[in-house]
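Heads up, the thing below is written out as structure tokens.
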Amino acid sequence: MDFDLIVRGGTLPDGRIADIGISGETIAAIEPKLQGSARTEVDAGGNLVSPPFVDPHFHMDATLSYGIPRINASGTLLEGIALWGELKPLLTHEAVRDRALAYCDWAVSMGLLAIRTHVDVCDDRLLAVEALLDVKKTIAPYIDLQLVAFPQDGFYRSPKARENTIRALDMGVDIVGGIPHFERSMADGTRSVTELCEIAAKRGLMVDLHCDETDDPLSRHIEQLAYETQRLGLQGRVAGSHLTSMHSMDNYYVSKLLPLIAEAGVSAIPNPLINIMLQGRHDTFPKRRGLTRVKEMLALSIRVGWGQDCVLDPWYSLGTADMLDVAFMGLHVAQMSSPADMARCFDMVTNVNAAIMGLEHLGLAVGKRGSLVILDAGNPIEALRLRAERICVIARGKVVAERTRQDTRLSIPGRPPLVNRRHKAT
């Protein structure tokens with residue numbers, strides 16, 4: 001056999017029709033008509049073949065816990081944090097692990113093969129850290145999982161958060177996290193950004209801070225994050241997640257801030273489903289919707305990726321592990337409606353998110369890992385419009401999920417017998 005697996009006749013995101021040959025776990029060839037044979041052949045039938053979906057911001061320790069011990073009645077971020085505080089003492093290693101593994105099953109079914117999850121380190125047991133380290137080993141054959149040491153209750157505000165953050169990193173957690181806007185004062189938030197970045201620099205790690213997830217326009221910790229990134233030489237290794245205060249900031253200040261972020265090489269991870277659900281809760285009308293300034297960032301070549309954040313947990317009562325849902329909502333709220341912008345939103349939940357996470361092995365190119373998704377769509381924009389079904393998911397050269405295309409049968413005289421909502425412009 002020339003290859004272990006060949007995907008025949010797929011449409012690539014750039015519109016080319018090609019065959020993809022995979023040897024072992026690696027893409028070995030991409031050609032219009034690939035000569036040779038393989039143990040396994042998959043007929044893409046002209047459908048879109050995409051790199052795997054990637055989520056750079058999630059909370060796997062809380063996922064699928066919705067309703068335990070109660071529901072977030074106000075729907076606010078702060079009640080969600082308080083509710084998570086009520087849930088933490090009830091957690092067990094087995095419950096965290098089992099819910100996380102169930103979510104990862106959903107993820108695989110949706111072609112989501114790389115996830116960065118924040119794990120709360122303010123529980124002195126570090127139970128969730130241990131559970132997700134176990135999950136990481138279990139799912140390694142099909143999902144790349146990165147763990148962020150996240151002091152949910154504040155790096156300084158929570159008595160042992162600093163100590164626990166160091167312990168979690170010593171246990172093998174990958175990335176330094178934080179939540180400066182939740183400290184007792186702006187000054188403490190600023191100090192926490194400095195110390196967390198210094199910890200990451202000393203250990204050679206990446207940084208991903210929940211940053212300015214608030215409607216307060218005076219929450220400006222992203223400025224300190226950009227400064228520390230340059231001071232410590234962390235360019236390309238730092239992300240600011242949420243950044244929702246920027247939607248309320250003075251335009252003149254933002255005109256200064258965005259070039260600083262670009263100069264420092266800090267990535268931005270807005271989470272549109274959660275941001276528009278949790279922010280603006282104190283407003284009547286006009287009501288702010290909480291999404292950061294995505295188009296303005298992109299115009300300055302700041303790397304921006306869409307994150308999922310939550311699924312069925314104290315903060316969010318919906319979700320299906322579908323990154324196309326995330327991009328679909330993001331393009332609406334950011335008003336990214338041009339064909340180029342919509343295609344960019346698809347790229348944000350695949351290639352851009354992979355770059356933010358430093359996953360250089362992912363992508364549709366020879367030499368990259370043999371992980372890809374076949375979607376019931378003709379192009380990336382159609383995939384977004386339909387939130388297209390995943391017909392086949394391939395991880396490391398092996399088929400890990402399949403679905404039969406589901407057309408709807410009509411019984412209407414004079415109309416076609418099948419409808420699938422695909423559309424070709426006339």
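Got a sec to turn the phi values of the stretch 148-160 into Karplus ³J(HN,Hα) couplings, 6.51 cos²θ - 1.76 cosθ + 1.60 with θ = phi - 60°, whole Hz, x for Gly and Pro?
3J(HN,Hα) across the stretch 148-160, in whole Hz: 10, 6, 10, x, 3, 8, x, 4, 9, 5, 8, x, 10.
Do the alpha carbons of any pairs in Lys398/Lys424; Lys136/Lys295; Lys88/Lys160; Lys88/Lys287; Lys160/Lys202 sit beyond 26 Å of each other, and which pairs? Don't jump to the answer; show the numbers that get you there.
Numbers: Lys398/Lys424 32 Å; Lys136/Lys295 34 Å; Lys88/Lys160 15 Å; Lys88/Lys287 32 Å; Lys160/Lys202 21 Å.
From Lys398/Lys424; Lys136/Lys295; Lys88/Lys160; Lys88/Lys287; Lys160/Lys202, over 26 Å: Lys398/Lys424; Lys136/Lys295; Lys88/Lys287.
Could you state how much accessible area Arg157 has, in square angstrom rounded to the nearest 10, with a 1.4 Å probe and all protein chains kept in place?
For Arg157, the solvent-accessible surface is approximately 90 Å².
Which value, in debye to the nearest 20, describes the size of the charge dipole of the stretch 51-355 about its Cα centre when Lys and Arg Cβ atoms bear +1, Asp and Glu Cβ atoms bear -1, and nothing else is charged?
Value, rounded to 20: 380 debye.
Of the listed peptides 341-349, 167-175, what is their order by residue-averaged count of other C-beta atoms within 10 Å, with the highest listed first?
On the way: 341-349: 22.6, 167-175: 18.0.
The packing order, highest mean first, is 341-349, 167-175.
Taking the highest mean first, how do the peptides 307-318, 89-100 order by number of other beta carbon atoms within 10 angstrom per residue?
Going from most to least packed, we get 307-318, 89-100.
How do Leu112, Leu78 stack up against each other in accessible area, from largest to smallest, with a 1.4 angstrom probe?
Numbers: Leu112 0, Leu78 110 Å².
Putting Leu112, Leu78 in descending order of accessible area: Leu78, Leu112.
Not counting ligands, DNA or RNA, and with a 1.4 Å probe, what is Ile30's accessible surface area in Å² rounded to the nearest 10?
Around 40 Å² of this residue is reachable by solvent.
Rounded to a whole number, what % of the accessible area of the chain do carbon and sulfur atoms account for, probe 1.4 Å?
Carbon and sulfur: 53 percent of the exposed surface of the chain.
In whole Hz, with x marking every Gly and Pro, tabulate ³J(HN,Hα) for the stretch 94-106 from phi via Karplus 6.51 cos²θ - 1.76 cosθ + 1.60, θ = phi - 60°.
Taking θ as phi minus 60°, the curve returns 5, 5, 4, 4, 5, 5, 5, 5, 4, 4, 5, 4, 4 Hz for the stretch 94-106.
Spelling out what I want: for every residue of the stretch 257-272, take phi, set θ = phi - 60°, compute 6.51 cos²θ - 1.76 cosθ + 1.60 (Karplus), and round to whole Hz; glycine and proline get x.
Per residue, the Karplus-derived 3J(HN,Hα) values read 5, 4, x, 5, 5, 5, 4, 7, x, 7, 8, 10, 10, x, 10, x Hz.
Take the alpha carbon atoms of the stretch 115-167, find their radius of gyration, then divide it by 2.2 N^0.38 Å using N residues; give the quotient.
1.19
The values are calculated or read from the model by the stated rules, or taken from the named source; none is laboratory data. Worth saying up front: this structure is predicted, and the values here are computed from it rather than measured. Cβ: placed from backbone, ideal geometry, glycine included. Neighbour counts: every protein chain shown. With ligands, DNA and RNA removed, areas are computed over all heavy atoms of the protein, side chains included. Shrake-Rupley method; radii C 1.70, N 1.55, O 1.52, S 1.80 Å.
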